[in-house]
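No value in this document is a laboratory result; all are computed from the given coordinates. The structure presented is a predicted model; accordingly, all values stated were derived computationally and were not measured. Positions of Cβ are generated from backbone atoms using ideal geometry, with glycine treated the same way; all protein chains shown enter the neighbour counts.
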Number of protein chains: 2
Amino acid sequence: MERRSFIRKAGASAATGGAILAAPAIISAQPTIRWRLASSFPKSLDTIYGAAEVMSKAVSAMSGGKFQISVHAAGELVPAFQVLDAVQQGNIEMGHTALYYFFGKDPTWAVATAIPFGLNCRQFQAWWYQGGGSQIFNEFAEKSAGVYTMLAGNTGAQMGGWFRKEVTSVEDLKGLKFRVGGFAGQVLTKLGVVPQQIPGGDIYPALEKGTIDAAEWIGPYDDEKLGFNKVAKFYYYPGWWEGGPGLHAIVNQKALATLTPEYKAILEAAAEQANGFMMAKYDAVNPQALKRLVGSGTQLKPFPRPVMDACFKAAQEVYTETNAANANFKKVSDHYFNFQRDQISWFRVTENTFDDYMASAKR
Amino acid sequence: MERRSFIRKAGASAATGGAILAAPAIISAQPTIRWRLASSFPKSLDTIYGAAEVMSKAVSAMSGGKFQISVHAAGELVPAFQVLDAVQQGNIEMGHTALYYFFGKDPTWAVATAIPFGLNCRQFQAWWYQGGGSQIFNEFAEKSAGVYTMLAGNTGAQMGGWFRKEVTSVEDLKGLKFRVGGFAGQVLTKLGVVPQQIPGGDIYPALEKGTIDAAEWIGPYDDEKLGFNKVAKFYYYPGWWEGGPGLHAIVNQKALATLTPEYKAILEAAAEQANGFMMAKYDAVNPQALKRLVGSGTQLKPFPRPVMDACFKAAQEVYTETNAANANFKKVSDHYFNFQRDQISWFRVTENTFDDYMASAKR
């Protein structure tokens, strides 16, 4: 068929109510786009970094290769902690990051990732997708940085970290040099901990030398790769400051506005696929890593209840102070904690009871 | 621009390495498609039924309206329990269903939805997406019915149901007329329960008249709509036979083969969006419904531990018998339970501990 006449036929079909539906192809017009995405993570964190690749591949597959997003590891285009700035300035169209890295700019960013004694993974997804969380947070994100954020990953409840000595009481926290940041650092400071800011790659030697007493990272799969079990014996849980941390794909608002409705829909769907991928992947790989760690002599320890309670109390103090100082934080976190209260009242019933029964029955 | 010359330019751009990337549109050729999807659910189950609509809308949005899937409630095209047959025969291209409805054809179908003392929602997603579950189950689905299945929803752990009298011991199960089906019915039969098969709409009058003693349905949000709290006082948990039931979009294999790679990718992404939607929506609406039920006088009761243990033991017997009789079931369920063992060993550590702490701290 001569191409121009085919187009005319295709164009006619819409007017005639789909009379040629059996025809193999209708002409559409979607633009070719090349975007760059800066990840805040190294390729070695294959699960977190990999989620951005999952998103990029899905966008390409759905658009027949016409919408391409190239994924760049931390440091390749911009350093890990400058991803938000770079997207805000429009130097790159997208980023993939943990928004609590920008706690220093405004603690409100942390609500979208994880805050102490917050929502677990599933509760966070309920808040974000169906509880109004995405809307209220994106109002802040647009106003503060001209970015649109999409949930694109979760690690699940993280571990509490690696400790060279046992923590048997609240007293043991006094003077403890613990590699931990953000909100958790502020909470633990109230209990005498001296928070340390150390990049992931520098934790091992610091723990080995005893420059620090403890360090938190992520969970078994990622922690094993950094070898912390060789320099600290006790592996504590739960990481109460990260009960279900969400990772986000962030998009410059002006770049987003250039997308066709089809590409916007494709990008949202791809971000949701990345979100599902990351949690499923972590759950699939963490159990074996945990077994190997325990097999190597690692001792799993729950934080003692009095330590948890002291941290919980200190967290409420930090929230009270932060609310008083920051209206953005108060608005978004009030919404989040109201949602959490209901979630917990519901999860306590059938969900937690089922999980706890299975944990005891399948020993 | 005269249209034909524009096409020539567009065609040239690929060869010249994207030199005209700034041009607004490149011609593509994706076909116009109209598919029909039969849901096994009525519109009144707006969360479950709604997930198929979410999927359909996403497919339309991503394809610029060219790939349309019309969603039909149970009974509109085919009855609820004939959805699999209709998709297998190619009378309709797609269905949205709970595959355990086809337990009678082969109990292996149930593994993709929920089986007694099985995976919770998140563990199920890990098995399906990253643990090899989708692959091993789809081998069975293709061989048995020529369909491809995609995860497209989850209700979370369901409630154990509405009981007119308290269940205080295993003895109380003897002779109990309980509206419950499939695997759970087989398990409970071993403990003297007389399982009843009653469509959702007929449960209320049966409970009211005392024709049955108890009935399970879904959870607070859906159960409240049917008014069970008016005719049964005790609301038991957990629904151990449905710890995280997955709903599926199913596609006739021959229809699937007609899709372009772009449309296949779009359909997979849309199913994942439906999957995320349903769980988030249930979690967002269940807490308020539970509050209203408790406010109306409903008494929440956990099944006593000896009852749970007796059911667990009876379930293992049913699995042993089913494995002996059905090689498909043995293959798929062995894979599932191996995965579960690892999941539980991991969830027991940080995830359950975090959830349990939050449930007690936020009272």
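The table for this structure:
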| item | result |
| --- | --- |
| Rg and Dmax of the stretch B:25-174, Cα atoms only, in Å | 18.2, 72 |
| Farthest toward positive dipole pole in chain A [+1 Lys/Arg, -1 Asp/Glu at C-beta], among A:VAL111, A:VAL193, A:TYR221 | A:TYR221 |
| Loop sites in the stretch A:111-181: GluC sites (Glu not before Pro), DSSP, at most 12 other Cβ within 10 Å | none |
| Under 5 Å, built H, 5+ apart or other chain: amide partners of A:GLN196 | A:PHE178, A:ARG179, A:VAL180 |
| Average partner coverage of A:303-309, which counts Cβ from other chains inside 10 Å | 2 |
| Most positive-pole-ward Cα, B:PHE354, A:SER169, B:PRO245, against dipole of the protein assembly as shown from beta carbon charges | B:PRO245 |
| In sequence order, calculated HN-Hα J values of the stretch A:216-233 (Karplus, 6.51, -1.76, 1.60; Hz; x Gly/Pro) | 10, 10, 10, x, x, 4, 7, 5, 4, 5, 8, x, 4, 4, 7, 10, 8, 8 |
| Cβ-placed point charges (K, R +1; D, E -1), dipole of the stretch B:53-184 about Cα centre in debye, nearest 20 | 260 debye |
| Distance between modelled label sites at A:LYS209 and A:ASP46, nm, 7 Å Cα→Cβ extension | 3.1 nm |
| Derived scalar couplings ³J(HN,Hα) [the stretch A:240-257; Karplus, 6.51 cos²θ - 1.76 cosθ + 1.60; whole Hz; x for Gly, Pro] | 5, 8, 9, x, x, x, x, 9, 10, 8, 10, 10, 4, 4, 5, 5, 4, 5 |
| Relative compactness, the stretch A:211-264, computed as alpha-carbon Rg over 2.2 N^0.38 Å | 1.90 |
| Nm distances between copies for B:PRO79, ranked from closest, using label points 7 Å along Cα→Cβ | 6.9 |
| Built amide H within the under 5 Å cut-off of A:PHE303, gap 5+ | A:TYR237 |
| Over 15 Å [Cα-Cα, the stretch A:59-111], rounded percent | 54 percent |
| Cα pair distances in the stretch A:110-186, grouped into 10 Å bins until the bin that holds the longest one, percent each | 14, 38, 28, 16, 5 |
| Kirkwood-based shape ratio for the stretch B:174-250, expressed as Rg/Rh from alpha carbons | 0.96 |
| Electrostatic dipole magnitude of the protein assembly as shown [Cβ: Lys, Arg +1; Asp, Glu -1; Cα centre; debye, to 20] | 900 debye |
| Signed unit charges on C-beta, dipole axis of the stretch B:262-324, positive-most listed residue B:ASN275, B:VAL307, B:ALA289 | B:ALA289 |
| Calculated FRET value between A:SER70 and B:ASN338, using beta carbons and R₀ = 45 Å, to 0.05 | 0.70 |
| Amide H within-cut-off set for A:ILE218, under 5 Å, with H built and near neighbours excluded | A:ASP223 |
| With 10 Å bins from 0: P(r) over the stretch A:249-319, alpha-carbon pairs, percent | 15, 20, 21, 26, 16, 3 |
| Förster radius 51 Å - calculated FRET efficiency between B:THR168 and B:SER144 (Cβ-Cβ, nearest 0.05) | 0.75 |
| Length-normalised contact order for chain B - Cα pairs under 8 Å, 6+ apart - percent | 22 percent |
| Cβ-defined net charge surrounding A:GLN130, 15 Å radius [Lys, Arg +1; Asp, Glu -1] | -4 |
| Stokes-Einstein D in µm²/s, Kirkwood radius over Cα pairs - chain A at 37 °C with 0.692 mPa s viscosity | 148 µm²/s |
| Order by protection proxy (mean Cβ within 10 Å, highest first), peptides B:236-243, A:223-230 | B:236-243, A:223-230 |
| Long-range tail of P(r) for the stretch B:222-340 (Cα pairs > 24 Å, %) | 56 percent |
| Chain B, helix-only ellipticity at 222 nm - DSSP H runs n ≥ 4, -39,500 (n - 2.57), divided by all residues, nearest 500 | -15500 deg cm²/dmol |
| 10 Å-binned pair-distance histogram of the stretch A:112-255 (Cα, whole percent) | 11, 36, 30, 18, 5, 0 |
| HN-Hα J in Hz across the stretch A:102-114 - Karplus 6.51, -1.76, 1.60, θ = phi - 60°, x for Gly and Pro | 9, 3, x, 5, 6, x, 4, 4, 5, 4, 6, 9, 6 |
| Cα-derived Rg to Rh of the protein assembly as shown, Kirkwood definition | 0.98 |
| Chain A, dipole about Cα centre (Lys/Arg Cβ +1, Asp/Glu Cβ -1), debye to the nearest 20 | 620 debye |
